[in-house]
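Take a look at the structure set out below.
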Amino acid sequence: MSQFITSQPAVQLTSGPSEEAHRRMLSRRGEPLFLAAWRRVLMLHFEVDAAALQRDVPFQLDLYQGRAFVSLVAFSMEDMRPRFGGRLGARLLRPIATHHFLNVRTYVVHRTEPGIHFLAEWLSSRLAAMLGPVTFGLPYRYGHVAYDFSSPQSLLQGRVVNMRTHAALAFHGKLTSSAQPQPCAADSLTEWLMERYTAFNSAGGIRRYFRVWHPPWPQCPASVTLDDLTLFTARWPWFKEARLVGANYSPGFDSVWMGRPHW
């Protein structure tokens with residue numbers, strides 16, 4: 001069994017993608033670079049045409065039984081801070097430490113390592129949207145991002161608007177049961193979609209990757225209705241034929257490890 005590094009509380013890990021990600025993270029000196037809370041996380045999973053998607057992805061797609069997927073990940077990041085640096089480091093990052101995200105991610109494999117590739121990301125922080133592309137090669141965009149996940153048993157609601165084009169994502173839904181969040185079933189499609197810990201990015205012709213780590217996602221299935229998808233259909237014609245195949249909600253984590261960019 002692996003454990004957290006000494007700067008974190010000791011937590012025993014079970015075997016699976018999270019444990020492998022933990023090993024990979026600690027195989028590089030100086031990792032992790034940042035710590036942050038990822039809270040109130042909703043993932044919406046779509047099956048899409050693999051050939052059409054591959055044309056927009058600079059890495060080899062990772063397919064599940066021959067099927068390609070894109071997921072929308074809506075969450076709030078809070079209290080991002082350097083692993084080292086104490087209060088001074090946290091103070092320096094305070095302007096970008098807390099904001100809402102919408103990630104559009106697909107699933108890739110590079111040099112035998114499974115991961116994700118971000119097709120686009122919208123943030124509620126204008127400053128963070130400026131810094132992400134030059135530091136991590138991330139496709140950040142500034143947008144109006146508003147979520148209400150305060151009572152997921154009765155309401156999961158969100159709206160994200162591109163401030164330049166006014167295209168939007170809007171959805172509403174709720175959890176499908178009152179069961180407590182549980183890790184994904186081993187070898188399930190849900191585990192394959194959610195348990196990803198490496199992001200492979202490409203910007204300006206330069207490929208980069210970074211790793212994250214957290215324990216396995218505690219999650220519950222959710223039922224979601226899509227009210228507006230123009231944020232995606234206006235950019236990717238193939239998204240017009242995308243089929244929503246599932247949704248999962250997680251309360252998230254108080255401390256996620258976030259690695260540095262590697263080339």
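Read-outs throughout are calculated quantities, based only on the coordinates presented, and are distinct from any laboratory measurement. This structure is a prediction, so every number in the text was calculated from the model and none was measured. Counting neighbours? That spans all protein chains shown, and the Cβs are built from the backbone with ideal geometry, glycine included.
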(request) Using only alpha carbon pairs under 8 Å that are at least six residues apart, calculate the relative contact order of the chain and give it in whole percent. (result) 24
(request) Would you mind pulling out the separation of the Cα centroids of region 99-165 and region 197-211, in Å? (result) 15
(request) Under 1.5 on a/c is rounded, so check that first for region 185-263, then, if it is not, pick prolate when a/b is larger than b/c and oblate when it is not; a ≥ b ≥ c are the square roots of the alpha carbon gyration tensor eigenvalues. (result) oblate
(request) Determine the gain in length on full extension of the stretch E78-H110; use 0.36 nm per residue of separation and subtract their C-alpha separation, reporting nm with one decimal. (result) 8.5 nm
(message) Along its three principal axes, how long is region 135-217 when you only count alpha carbons? Whole Å, largest extent first please.
(response) 46, 36, 19
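In region 68-171, which trypsin sites (Lys or Arg not before Pro) are in a loop and have at most 10 other Cβ atoms within 10 Å, using DSSP for the loop call?
For trypsin sites (Lys or Arg not before Pro) across region 68-171 that sit outside H, G, I, E and B with at most 10 neighbouring Cβ atoms in 10 Å, the list reads R111, R164.
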(message) Per 0.36 nm of contour for each residue apart, how much would the distance between S188 and L127 grow if the chain were fully extended, relative to their Cα-Cα spacing?
(response) 18.2 nm
(message) Quick check on region 78-150: take the gyration tensor over C-alpha atoms, sort the square-rooted eigenvalues as a ≥ b ≥ c, and tell me if it's rounded (a/c under 1.5), prolate or oblate.
(response) oblate
(message) Less than 19 Å from a label point 7 Å out along the Cα-to-Cβ axis of D56: which backbone N atoms in region 116-131 qualify, by residue?
(response) 116-123
(request) Mind listing the long-range amide H neighbours of R83? Cut-off is under 5 Å, sequence gap 5 or more, other chains count too, H placed in the peptide plane at 1.01 Å from N. (result) F34, L35
(request) For region 225-236, take each phi angle, set θ = phi - 60°, evaluate the Karplus expression 6.51 cos²θ - 1.76 cosθ + 1.60, and give the result in whole Hz per residue in order, putting x for glycine and proline. (result) 9, 8, 9, 7, 10, 5, 4, 10, 5, 6, 9, 10
(request) Tell me which residues come under 5 Å, amide H to amide H, from V41 once H is placed; ignore anything under 5 positions away on its chain. (result) S250, G252
(request) Can you figure out the FRET efficiency of L226 with T165, using R₀ = 25 Å and their beta-carbon distance, to the nearest 0.05? (result) 0.85
(message) So if each residue of separation counts as 0.36 nm, and I subtract the Cα-Cα distance between R67 and I206, what length gain in nm does that give?
(response) 47.3 nm
(request) Output ³J(HN,Hα) for region 187-198: one whole-Hz value per residue in order, computed from phi by the Karplus curve 6.51 cos²θ - 1.76 cosθ + 1.60 with θ = phi - 60°, and x for Gly and Pro. (result) 6, 8, 4, 4, 4, 4, 7, 8, 8, 10, 10, 10
(message) Semi-axes of the equivalent ellipsoid for region 114-263, please: Cα gyration tensor eigenvalues, times 5, square-rooted, ordered largest first, whole Å.
(response) 25, 22, 15
(request) Could you compute the FRET efficiency for R87 and S154, with r as their C-beta to C-beta distance and R0 at 35 Å, rounded to 0.05? (result) 0.35
(request) Enumerate the amide H contacts of V245 below 5 Å, restricted to partners 5 or more residues apart or on another chain; note that Pro and chain-start residues carry no placed amide H. (result) H45, F46, E47
(request) For region 128-136, take each phi angle, set θ = phi - 60°, evaluate the Karplus expression 6.51 cos²θ - 1.76 cosθ + 1.60, and give the result in whole Hz per residue in order, putting x for glycine and proline. (result) 4, 5, 7, 7, x, x, 7, 9, 10
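Evaluate E = 1/(1 + (r/R0)^6) for T233 and R29, where r is the Cβ-Cβ distance and R0 equals 41 Å; express this FRET efficiency to the nearest 0.05.
Approximately 0.40, to the nearest 0.05.
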(message) Can you compute the helix-only [θ] at 222 nm over the chain? Use -39500 (n - 2.57) per DSSP H run of at least 4 residues, normalise by all residues, nearest 500 deg cm²/dmol.
(response) -4500 deg cm²/dmol
(request) Taking every Cα atom in the chain, find the radius of gyration and the maximum pairwise distance Dmax, and write them in Å. (result) 17.5, 49
(message) Testing the spin-label approximation: label points 7 Å from Cα along Cα→Cβ at D49 and T135. State their distance in nm.
(response) 3.8
